[in-house]
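Report on one structure; see the data block that follows.
The values are calculated or read from the model by the stated rules, or taken from the named source; none is laboratory data. Bear in mind the structure is a predicted one, so any value in this text is a computation, not a measurement. FYI the Cβ positions are ideal-geometry reconstructions off the backbone, even for glycines, and counts take in every protein chain you see.
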């Protein structure tokens, strides 16, 4: 059994026992792992400690129960494992920014930490082949738009993480924009009677995006109080998504689809950008269907050719990240760089090495002045150096069987010098990249412990 399957089984167990006392020994026993290693692996894959994840899922379910005003708030608190009203109120406010009483008196759309489907991170599908995962159906297709599509609606600012991660909690800003559009929709005479609804996302500044919630029009129309948008002619990658009802679609499935789509695009080395369009169909019927449209971005042959000619041994001119990416020509490279930048806020620093073993430019990712790892670009793959301290070695050796056979072999063959192992891994596939991520996490934890944090 793959590690993610074991953790997914534990997620399924937790979801069906949220109203009960959840015993970590029982869950770990079901996975065949020790309590220590189960919690360690859970935090690695879910990005949250077990107890925090359980609390977040209980609050998500409690918020649904609060919609029934015939049930007392204190009874909802007890039902989902909170000891008293004050404890429930404090936890609810910390996560969503409002109290249960405020939420009940003035209902708003909330973003929850959703139950992940880990298979979407590790499984793949080809174009036009539907994938069924956790009750939703996802399919990636290409569409060529020969005639432009026009939309008009209400615009607002939304944190990017709210729309793409599925882990952001609080009042849903996108939901507020949609509510404003639906409030005004009947007075927008330009909308077609059969108008499809569409959410348009533009990243306009760091951490924020412009979100337009609107409906379809027959042509481009501009008014001072509404925003308009055009889906221009061209080729699009479209993620088709189907769920049993609209609530499941907007509360969890769409976030899973975004995560899957991002992974799929990178694996197939497709460059997309400009905007994202969320096209909604048949929201009042079951099953409910929507599509995520992303335009394909073409790189000029001249630019691609020029960057492929980059010479990593030329120590005069510092390269661009895109030039290195073209040289490596592996989707894993960009994915690892993005992971380090998002997960650790690591900063990329180019350095030129005259070492005979790794001559030329390399990329050091640093956090708080300390190096997380060093990446050496190669043709078709890349090598990652992670320095493992003595405390890190103890942790790696406890979980070594989880690593690939290749990484285990490299680890055992790497000699210890000054109490450290200079682990160099050639990243040629997804599994080895996951090993690299584990090693970086262990290195980061070792650095924090050494600082006493």
>> Between 267, 185, 222, which is out of contact with any helix residue (DSSP H, G or I) (no Cβ under 7 Å at 6 or more places or on another chain), at negative phi and surrounded by fewer than 14 Cβ atoms within 10 Å (Cβ to Cβ)?
In response: 222
>> Checking the condition crowded, with 20+ Cβ neighbours inside 10 Å, touching a strand residue (DSSP E or B) at 6+ places or on another chain (Cβ under 7 Å) and either assigned to a strand (DSSP E or B) or without any contact (Cβ under 8 Å) to a residue 60 or more places away in the chain (or both), which residue from 198, 230, 240 passes?
In response: 198
> Can you tell me which residue in the stretch 305-328 is farthest from the chain's Cα centre (by Cα), limited to those that are closer than 15 Å to residue 378 by Cβ and loosely packed, with under 15 Cβ neighbours inside 10 Å?
Replying inline: 313
> Is at least one residue of the stretch 275-282 assigned to a loop (DSSP other than H, G, I, E, B), touching a helix residue (DSSP H, G or I) at 6+ places or on another chain (Cβ under 8 Å) and modelled with pLDDT under 80?
Replying inline: no
> Could we say that residue 392 is closer than 20 Å to residue 336 by Cβ and part of a loop (DSSP other than H, G, I, E, B) here?
Replying inline: no
> Looking at the stretch 31-51, which of its residues are touching a residue at least 60 places away in the same chain (Cβ under 8 Å) and either within 20 Å of residue 20 (Cα to Cα) or outside any helix (DSSP H, G or I) (or both)?
Replying inline: 47, 48
>> Take the residues in the stretch 170-195 that are within 30 Å of residue 57 (Cα to Cα) and assigned to a strand (DSSP E or B); name whichever of them is farthest from the chain's Cα centre (by Cα).
In response: 171
> Name the residues in the stretch 52-78 that are over 31 Å from the mean Cα position of the chain (by Cα) and in a helix (DSSP H, G or I), would you?
Replying inline: 73, 74, 75, 78
> residue 103 fails exactly one of the following numbered conditions: (1) without any contact (Cβ under 8 Å) to a residue 40 or more places away in the chain; (2) in contact with a helix residue (DSSP H, G or I) (Cβ under 8 Å, 6 or more places away or on another chain); (3) more than 25 Å from residue 42 (Cα to Cα); (4) crowded, with 18+ Cβ neighbours inside 10 Å. What is the number of that condition?
Replying inline: (1)
> Here are some conditions: (1) surrounded by 14 or more Cβ atoms within 10 Å (Cβ to Cβ); (2) assigned to a helix (DSSP H, G or I). Residue 25 meets all but one. Which one does it not meet?
Replying inline: (1)
